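What follows is a set of notes on a single structure, which appears directly below.
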Amino acid sequence: QVQLVESGGGLVQPGGSLRLSCAASGSIFKIYTMGWYRQAPGKQRELVAHITSDGSTNYADSVKGRFTISRDNAKDTVDLQMNSLKPEDTAVYYCNANLLLRGDPRTYKYWGRGSQVTVSS
(Lines give C-alpha, C1' and ligand atoms only; values in the text may rest on other atoms or scores of the structure.)
Protein backbone atom coordinates (compact mmCIF):
# COMPACT_ATOMS: atom_id res chain seq x y z
CA GLN A 1 0.00 0.00 0.00
CA VAL A 2 2.83 2.40 0.79
CA GLN A 3 6.38 2.49 -0.48
CA LEU A 4 9.30 4.53 0.80
CA VAL A 5 12.13 4.70 -1.71
CA GLU A 6 15.52 6.08 -0.71
CA SER A 7 18.22 7.42 -2.98
CA GLY A 8 21.53 9.24 -2.72
CA GLY A 9 23.78 6.97 -0.69
CA GLY A 10 27.31 6.07 -1.67
CA LEU A 11 30.98 6.35 -0.83
CA VAL A 12 32.46 9.65 0.34
CA GLN A 13 35.72 10.72 1.92
CA PRO A 14 35.83 12.04 5.49
CA GLY A 15 34.78 15.66 5.56
CA GLY A 16 32.64 15.25 2.47
CA SER A 17 28.91 15.60 1.93
CA LEU A 18 26.03 13.46 0.75
CA ARG A 19 22.33 14.07 0.38
CA LEU A 20 19.78 11.32 0.97
CA SER A 21 16.28 11.56 -0.40
CA CYS A 22 13.17 9.52 0.32
CA ALA A 23 9.86 9.56 -1.51
CA ALA A 24 6.67 8.07 -0.11
CA SER A 25 3.94 6.83 -2.42
CA GLY A 26 0.73 4.85 -2.18
CA SER A 27 -2.63 5.20 -0.46
CA ILE A 28 -1.48 7.94 1.90
CA PHE A 29 -3.96 10.22 3.61
CA LYS A 30 -1.58 12.10 5.88
CA ILE A 31 2.05 11.77 6.97
CA TYR A 32 2.83 12.82 10.51
CA THR A 33 6.54 12.44 11.15
CA MET A 34 9.21 11.47 8.64
CA GLY A 35 12.68 10.56 9.66
CA TRP A 36 16.00 8.91 9.06
CA TYR A 37 17.49 6.09 11.08
CA ARG A 38 20.77 4.29 10.60
CA GLN A 39 22.26 0.95 11.47
CA ALA A 40 25.96 0.22 11.50
CA PRO A 41 27.30 -3.35 11.43
CA GLY A 42 26.88 -5.00 14.82
CA LYS A 43 24.89 -2.10 16.22
CA GLN A 44 21.23 -1.36 16.82
CA ARG A 45 19.25 0.90 14.55
CA GLU A 46 19.31 4.46 15.87
CA LEU A 47 17.46 7.66 15.16
CA VAL A 48 19.41 10.20 13.13
CA ALA A 49 16.78 12.88 12.69
CA HIS A 50 13.05 13.32 12.30
CA ILE A 51 10.72 16.09 11.24
CA THR A 52 7.04 16.68 11.92
CA SER A 53 4.47 17.86 9.42
CA ASP A 54 4.79 21.42 10.74
CA GLY A 55 8.58 21.38 10.36
CA SER A 56 9.76 20.72 13.91
CA THR A 57 12.99 18.77 13.90
CA ASN A 58 14.95 16.56 16.26
CA TYR A 59 18.52 15.30 15.80
CA ALA A 60 20.78 12.77 17.42
CA ASP A 61 23.54 14.51 19.36
CA SER A 62 26.15 12.86 17.16
CA VAL A 63 24.89 14.63 14.02
CA LYS A 64 23.78 18.01 15.35
CA GLY A 65 25.35 20.84 13.41
CA ARG A 66 26.37 18.53 10.56
CA PHE A 67 23.12 17.03 9.25
CA THR A 68 19.96 18.82 8.19
CA ILE A 69 16.59 17.18 7.64
CA SER A 70 13.92 18.74 5.44
CA ARG A 71 10.64 17.67 3.89
CA ASP A 72 8.21 18.64 1.18
CA ASN A 73 4.69 17.93 2.40
CA ALA A 74 3.20 18.42 -1.05
CA LYS A 75 5.47 15.77 -2.55
CA ASP A 76 5.66 13.45 0.49
CA THR A 77 9.44 13.55 0.43
CA VAL A 78 12.11 13.91 3.08
CA ASP A 79 15.78 14.70 2.57
CA LEU A 80 18.84 14.45 4.76
CA GLN A 81 21.76 16.71 3.95
CA MET A 82 24.90 15.28 5.53
CA ASN A 83 27.99 17.47 5.80
CA SER A 84 31.36 17.00 7.48
CA LEU A 85 30.91 13.26 7.30
CA LYS A 86 32.97 11.05 9.57
CA PRO A 87 33.89 7.36 9.30
CA GLU A 88 31.57 6.67 12.23
CA ASP A 89 28.65 7.87 10.10
CA THR A 90 29.08 4.74 7.98
CA ALA A 91 25.84 2.78 8.12
CA VAL A 92 22.75 1.78 6.23
CA TYR A 93 20.34 4.70 6.40
CA TYR A 94 16.61 3.99 6.53
CA CYS A 95 13.76 6.35 5.77
CA ASN A 96 10.76 6.17 8.09
CA ALA A 97 7.26 7.61 8.02
CA ASN A 98 4.36 7.54 10.47
CA LEU A 99 1.17 8.01 8.53
CA LEU A 100 -2.54 7.51 7.99
CA LEU A 101 -3.83 5.47 5.09
CA ARG A 102 -6.88 6.53 3.11
CA GLY A 103 -10.02 5.13 4.74
CA ASP A 104 -8.19 3.77 7.82
CA PRO A 105 -8.07 5.59 11.19
CA ARG A 106 -4.99 3.76 12.45
CA THR A 107 -1.45 5.14 12.36
CA TYR A 108 1.13 3.02 10.59
CA LYS A 109 4.91 3.11 10.54
CA TYR A 110 6.64 2.35 7.25
CA TRP A 111 10.30 1.84 6.43
CA GLY A 112 12.37 2.11 3.30
CA ARG A 113 14.77 -0.63 2.28
CA GLY A 114 17.84 1.33 3.24
CA SER A 115 20.66 3.15 1.53
CA GLN A 116 24.33 2.46 2.23
CA VAL A 117 26.51 5.38 3.26
CA THR A 118 30.22 4.69 3.54
CA VAL A 119 32.67 7.30 4.77
CA SER A 120 36.22 6.23 4.06
CA SER A 121 39.45 7.50 2.58
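The values are calculated or read from the model by the stated rules, or taken from the named source; none is laboratory data. Note that the structure is predicted; figures quoted are calculated from it, not measured. Heads up, the Cβs are rebuilt from the backbone with ideal geometry, glycines too, and the neighbour counts pull from every protein chain shown. The protein model used for the area step is the full one, side chains on, heavy atoms only, and it has no ligands, DNA or RNA in it. Shrake-Rupley method; radii C 1.70, N 1.55, O 1.52, S 1.80 Å.
Site-free segments of the chain were taken between trypsin sites (Lys or Arg not before Pro) in DSSP loops having at most 14 other Cβ atoms within 10 Å, sites themselves excluded; the longest one is 1-42. For the chain, the solvent-accessible area with a 1.4 angstrom probe is 54 square angstrom per residue. Would you give the gap between the C-alpha center of the stretch 1-30 and the C-alpha center of the stretch 98-120, rounded to a whole Å? Going from one Cα centre to the other spans 10 Å. Over the chain, the fraction of Cα-Cα pairs per 5 Å bin, rounded to whole percents and listed from the shortest bin up, is 2, 12, 23, 24, 18, 10, 6, 3, 1, 0.
For the stretch 93-102, putting each phi into the Karplus relation 6.51 cos²θ - 1.76 cosθ + 1.60 with θ = phi - 60° gives couplings of 9, 10, 7, 9, 9, 9, 8, 9, 8, 4 Hz, in residue order, rounded to whole numbers and with x for Gly and Pro.
Straight-line reach from Lys43: taking Cα to Cα under 30 Å and skipping same-chain neighbours fewer than 8 places apart, the lysines in range are Lys64, Lys86, Lys109. As a fraction of the 1.4 Å probe accessible area of the chain, surface on carbon and sulfur atoms comes out at 46 percent.
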